[in-house]
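Read-outs throughout are calculated quantities, based only on the coordinates presented, and are distinct from any laboratory measurement. Just so it is clear, the model here is predicted, and its values are computed rather than measured. Cβ placement follows ideal geometry from the backbone for every residue including glycine, while neighbour counts extend to all protein chains displayed.
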Amino acid sequence: MNHLDSPLFKALFDTNAPRIVLKANAPDFTILAYNEAYKVATNNNNREISGMSLWQAYPGEESLIGKKVLADGLMLALETKQATKLPVFEYKIPDNDPTETQESWWQLEIMPIPGNDGKTEFLLTTTHNITALVLRERNFDSSVQREEDLSRKLADTHEQLAASNEELQASIEELLTSNHALSKSRHDLESLNIQLEERILRRTNDLEFNRHLLQSIIQTTPVAMTLLVGGSLIIEHPNPPMLNIWQRTWGETVGKSIIDVFPELKGQQFPKLLANVFETGQKIAMPEVVVDISSKEGNIKQIYVNFSYDPIFDGKGKVVYILATVMDITESVESRKKLEESKVALQFTIEELAASNEELAATNEELATTNEELQESQDSLFLKNEELADAEENLGLALESGNLGTYSVDLVSRKFEISNRAREFYGLAETGDIFWGDVVATVVPSYLPIIEKARNKALIKGLPYDVQYPIIQKSNGELRWIRVVGKSTENSKTKAAKFIGVIIDITKEIDDRQKIEDSEKRFRTMAEGTDVLIAVGDETNMFTYFNDAWFKLTGRSMENLLQLGWVDLIHPDDKERYNSIQLNAFDQKIPFTSEFRILNKEGEYRWLLAKSPPRFNTNGLFVGYISTCVDITELKKDEQRKNDFIGMVSHELKTPLTAINGFVQVLQSRARKTQDEYYGNALGKTHNQIKKMTTMINGFLNVSRLESGKLSIQKIDFSLNDLLREMVEESDLIQYSHSIDLSIKEPIIINADRDKIGSVISNLLSNAVKYSNAGTVIDINCYTDEQNAIVSVKDQGIGISAEDSAKLFQRYYRVGSNHTISGFGIGLYLSAEIIERHDGRIWVESKENVGSTFYFSLPL
Ligand code: ADP
């Protein structure tokens, strides 16, 4: 039986509660029946939905959650066979316009209804549309939320209001206080104002009174007065005496600048003085001043006045007026001047009289003075006599101590007066008379004519007598040299004619002179007989002597050489170098050596080697140079030949060596292919030896190039660090005995000849290896200072003495003790020349048995 059609079911089913009966055929849940209330609740619009699946009738496409809640609920009721109450869910249903849907909220109870077999056959579902309720609740919630927000805002506003209220209260209090203070100040100010006004009134009255007083004083005083106002000196209140002096009326002056009224004042001192009074506030007063006043008609009148300018200050100490007071004293000055003129005339007459009186008195005085002078000259004559006697005594003493003898000969009696010292010189008796003959007897006879001649000259012509001659001392027969100097004295009334003078023993001087002459003679004989070119210069760098060899070489006479010298004959290529070496040595007074070419008299250049030591006298004073030059032309030619030979040999040696090297390289590559270790090693060593030999030959070749000036420098920019790395790698290949430590601090690019600098580094490295023990370390450093790149190679080897260090860079120089170590002494020489051609510097720091560090620097 179909229960759904039963009247009982219908009666129960058609209630106000919306209901629907679904078939328990999950998941379709076919709609079997539904009541009117359901139609209304679900807005069915009279659609016939019986027989449709629930999901077909209400697709609920936009209510995924609601659809799930419903489906899950139906399934749950089915499974549990229990009445199931679903939670509230949203399920959209068709709107009045069936194309639209409307939001709908539902509450469902599902009642499973079993069939005869006990299985659930139907699901009776009561469906409450609670949309209106939900929406109402929702509205209520949001209004509650709004109310809460409003309350919060209200509370905030309340707080703010309370705070502002407090501030307002505080401000009102402050305002009240200020108001109080203000009204008090106003009160004070008002009373002050009243006081001030009273004071001003009093002061104005005082001022008015004072001004009035001043005006009355000025107007009534008999002295000329006026006021001058302000910087432009406006005339105010000139009194009648002033107007009288000015020769102007009140109307012509008052209220006008004094300068405008009297333009002639401009050139005078007054405007400046007045300005000064305004500036400084200092009164000025001057007596008897000349003033030029022009009358209205323009006539200038000169008057004399005493005047004063008195400053009148305002309350602040500023000058506002000047009270000018003038007293016309022209009359009294003029009468005084007249008086003075008559005084001058009187004075003149009196002076004339006095002058004639004075002349008389002067004549008297002159006579008295002459008398006095006569007396004085007598006194001084007496003193002079005494001084003379003293001087004579002093002279005697001086002569004795100076090893001088004195003599005088009476020309009439021929008697000698001779001092003791002079007696000693001649070997004469200490006492007793000496005559001319005694003295002459001691003289070496060959000198007698000379003495005689000189004596005659002195006696006859009165010329000084000065002769030197040898004597044989009478006492011991010794030879002495004597110099006698003297002069005849004139015959005077009191004294007879005499011959007086001094005698000096010059034996030592003569001996010394002889010695010098002998040595000079020897020097000259030597100098003249040699091929060495000798020249002597003085302390001013001027030549004083040339030997004959110079004449032979240059064809210039001694005179020409002394005048012209020979520096102009130096080869132009050598001149600058020679001059700089010579001048430098001269400045320092040190010896110098130089090689240069000089043009000989045949017109060909000869090579000279000059060595010039400085000369010093016995007191150590510099007195010039002595220079010796030898002709080294042949030596130079020999050297050239030797260099050419070395160059040629080196060149010839290189050709076969290059060929050998080529073959060795071919063999090496074969040995590598056949992996023949023995041949490989042997050829490796051969290759290294060839390399060493090539370096040696290159060294010689470079020396020969250098000597003949053919060593060229090809500069390029390159990395010094890369070059150092290459050199170290190359050295590592040749030797295994030392470890080489290369330290590079920064990238350095230099402009230089890469190959040549490479050979310098290679030489320093191979020396470091050669002159230090195996197993030691060699440090290479490379760095820069402000202007240079610097490379140093440091070893821990045998080191070099200071003496040898100075010579290491010379050609072929080798330290004597190292001859067991192979080498030619050209590596450092070449290195130094290469570095010098790069304007660089090479040097060594070393300590014997500790090690050496060689450095070179190149400009960046
Ligand atoms: P060579 O080494 O071929 O003799 P060099 O010109 O390179 O010629 O060196 C000149 C001399 O300087 C050497 O003979 C040696 O006495 C000395 N010398 C050079 N380098 C060093 C060094 N690193 N340690 C000690 N002595 C050295």
Those lysines that a straight Cα-Cα span of less than 21 Å connects to LYS338, excepting residues fewer than 8 apart in one chain: LYS301
Separation in nanometres of the label points that stand 7 Å from Cα toward Cβ, at ASP314 and ASN584: 8.6 nm
Per-residue Cβ neighbour rank within 10 angstrom, fewest leading, LYS39, LYS384: LYS384, LYS39
GluC sites (Glu not before Pro) restricted to the range 1-100 and DSSP loop, no more than 13 other C-beta within 10 Å: GLU48, GLU61, GLU62, GLU100
DSSP bridge pairs, the chain: antiparallel proportion in percent, nearest 5: 95 percent
Gyration tensor verdict on the chain (Cα atoms; rounded if a/c is under 1.5, prolate if a/b is larger than b/c, oblate otherwise): oblate
Shape category assigned to the range 571-726 from the gyration tensor of Cα positions, a/c cut at 1.5: prolate
Cut-off 13 Å between beta-carbons: net charge of the residues surrounding ILE450, Lys and Arg +1, Asp and Glu -1: +2
Residues LEU168 and ASP72, FRET efficiency given R0 of 41 Å [Cβ-Cβ distance, rounded to 0.05]: 0.05
Sparse-neighbourhood loop sites, trypsin sites (Lys or Arg not before Pro) in the range 717-788 - DSSP loop, at most 11 other Cβ within 10 angstrom: LYS745
Amide hydrogen neighbours beyond the local backbone of TYR34, cut-off 5 Å, H modeled: VAL21
Whole-angstrom gap from the range 438-484 to the range 48-107, using each part's C-alpha centre: 176 Å
The range 652-712 and the range 137-182: distance between their alpha carbon centers, rounded to Å: 107 Å
Placed amide H near ASN788: partners under 5 Å, 5+ positions off or other chain: LEU860
Label point distance in nm, GLU103-SER332, each placed 7 Å from Cα along Cα→Cβ: 12.9 nm
Flagged links, alpha-carbon separation over 29 Å, of LYS691/LYS715; LYS453/LYS498; LYS415/LYS453; LYS575/LYS847: LYS575/LYS847
Residues TRP550, TRP436, sorted so that the one with the fewest Cβ neighbours within 10 Å comes first: TRP436, TRP550
Label point distance in nm, SER6-THR489, each placed 7 Å from Cα along Cα→Cβ: 20.3 nm
Candidate aspartates and glutamates - alpha carbon under 19 Å from LYS67, same-chain residues fewer than 8 apart omitted: ASP28, GLU79, GLU90, ASP95, GLU100, GLU103, GLU109
At R0 = 30 Å, FRET efficiency that the Cβ-Cβ distance of ALA17 and GLU147 yields, to 0.05: 0.25
Inter-part distance where the range 275-322 and the range 837-856 are each reduced to a Cα centre, Å: 95 Å
Under 21 Å from LYS745, Cα to Cα: lysines that are on another chain or at least 8 residues apart: LYS794
Of the trypsin sites (Lys or Arg not before Pro) in the range 553-599, those whose Cβ has at most 15 other Cβ within 10 Å and which sit in DSSP loop: LYS589
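Holding the Cα-Cα limit at 30 Å, pick out from LYS23/LYS68; LYS685/LYS710; LYS92/LYS119; LYS256/LYS316; LYS92/LYS153 the pairs that are longer than that.
Where the Cα-Cα span goes over 30 Å, the pairs concerned are LYS685/LYS710; LYS92/LYS119; LYS92/LYS153.
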